[in-house]
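I have placed the structure first, in the form of structure tokens, so that the comments after it can refer back to it.
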Amino acid sequence: MKKLLLILIALPMIGFGQLGDYYISDGKLKNNGLEFKFKKPNEYVQFAGQIPTTIVGFGKKDAPGEIEFYISIYTLEQFELQNLRNASKSELKDLIVSDEDMEYYELCGYPGWIGEEGVQGYRSLQSFSFIRNNIFVIKATVRNKYIPSEVKELFYKMSNSLEFTNTHSLKSSKTDNYKLLGDYYKAKRHPKAKGLNFEIKTPLGFEQMEADRPNIVQKWIKNPKDNNTMVLFMVAVYNLPVELQDVSQKEWKQYFKFETGVDDISKEIGNTSNAKYYVLDNYSGLVFDSTVEMDRTEFTATTYQRSAQVYLNKHIFLIQMFSMKKDLLEENTRLFHLLANSVIFPDQYGN
């Protein structure tokens with residue numbers, strides 16, 4: 001757990017003063033299905049996060065780079081903590097408290113830790129909170145060897161103003177997830193799975209269907225006769241080109257997380273946005289939004305898609321969500337991530 005405190009150091013963050021109006025999250029892909037609001041610091045300029053995990057930042061207008069605040073959201077996989085998926089609050093608390101190098105900290109009733117660190121002339125105060133298989137981070141950074149008391153005070157004021165607007169208490173998270181997901185679908189020996197053994201929970205309220213087209217192993221659809229409310233999920237498996245088979249997961253992770261993999265693949269696909277690094281059950285890849293124009297007999301229709309694809313030893317695994325309405329895509333973002341996080345590739349675990 002010690003390495004967790006070394007993950008976020010970066011750049012400047014907030015200044016002194018009181019709080020202003022609420023910042024309200026916009027439901028975009030970066031949020032990983034979490035919606036929240038908090039009061040913004042007065043006399044600070046708001047800016048968009050420049051890296052995939054940073055939602056928003058605030059900096060002093062008259063002293064750029066000197067004091068800044070950031071809000072970020074990570075998946076458990078990005079912290080290499082996927083083994084804690086669906087752990088209870090008490091389990092997480094016990095784990096953190098048992099580590100003498102970590103200080104336990106709760107944010108809105110969610111367990112986590114808080115700490116300071118310094119690197120290359122900057123000092124950061126940041127809290128990490130486990131929320132629905134994500135890690136929510138609030139960070140204050142100053143260009144100094146220590147964090148002034150005024151910055152710490154503002155950090156805690158912002159934290160205390162935070163509200164998660166689409167979540168219940170952590171105690172009910174498992175029950176709430178079960179209302180959205182059903183039993184596991186197991187693809188073992190399905191001909192379109194091409195020998196890949198995977199499992200995924202089914203979305204409740206959707207009709208499960210075999211797909212007509214090649215590579216699509218299974219699909220789930222709601223309201224298929226009404227384009228205004230139709231939502232479709234599907235999983236597909238593709239064979240990797242022979243020259244890319246048996247590339248190690250270490251190499252795939254390096255390519256997608258630290259090199260140009262996300263940009264390369266999203267550019268090759270085309271018409272993509274919000275592409276970022278993504279992990280499904282230890283396998284690296286990317287997640288992205290896209291639009292596709294579909295020609296019908298008398299008109300052209302636009303479909304909105306959200307996709308996550310990861311690279312295994314011999315296959316590409318793809319989970320996609322489709323809708324004819326962009327707002328439906330956003331409304332079902334949480335369900336998309338719940339389905340993706342339920343994926344298991346059991347062969348990697350042996351017997």
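In the chain, with Lys and Arg counted as +1 and Asp and Glu as -1 at Cβ, which of these residues, Tyr22, Ile71, Gln309, has the Cα nearest the positive end of the dipole, that is, farthest along it?
The Cα lying farthest towards the positive end belongs to Gln309.
Out of region 184-293, which trypsin sites (Lys or Arg not before Pro) are coil in DSSP terms and have no more than 11 other C-beta atoms within 10 Å?
Arg189, Lys225
How much of the pair distance distribution for region 111-250 lies past 28 Å, counting alpha-carbon pairs only, in percent?
52 percent
Before anything else, pin down the relative contact order of region 184-275: Cα pairs under 8 Å, at least 6 apart, normalised by residue count, whole percent.
17 percent
At 222 nm, what helix-only mean residue ellipticity would the chain give, in deg cm²/dmol to the nearest 500, using -39500 (n - 2.57) for each DSSP H run of four or more?
Value at 222 nm, helices only, nearest 500: -4500 deg cm²/dmol.
So which lysines can Lys222 reach, going by Cα to Cα under 21 Å and dropping same-chain residues fewer than 8 places off?
Lys179, Lys186, Lys201, Lys325, Lys326
Would you mind getting me the FRET efficiency between Ala63 and Ser273? Use the beta-carbon distance for r and R0 = 51 Å, nearest 0.05.
The value I calculate is 0.95.
Starting from the Cα of Lys157, draw a straight line to each of the lysines and keep only those under 26 Å, dropping any in the same chain fewer than 8 residues away.
Lys157 reaches Lys28, Lys30, Lys37, Lys39, Lys40, Lys60, Lys61, Lys89, Lys93, Lys139, Lys145, Lys171.
Could you work out the relative contact order of the chain, using alpha carbon pairs under 8 angstrom and six or more residues apart, expressed as a whole percent?
It rounds to 14 percent for the chain.
Given the chain, what percent of its DSSP beta bridges are antiparallel, to the nearest 5?
The antiparallel fraction comes to roughly 100 percent.
Could you give the dipole magnitude of the chain about its Cα centre, charging the beta-carbon of Lys and Arg +1 and that of Asp and Glu -1, in debye to the nearest 20?
Around 420 debye, computed over the chain.
Every read-out reported here was derived from the displayed coordinates using simple, explicitly stated rules and does not represent laboratory data. Since we're looking at a predicted model, the values are computed, not measured. Cβ atoms come from the backbone with ideal geometry, glycine included; neighbour counts cover every protein chain shown.
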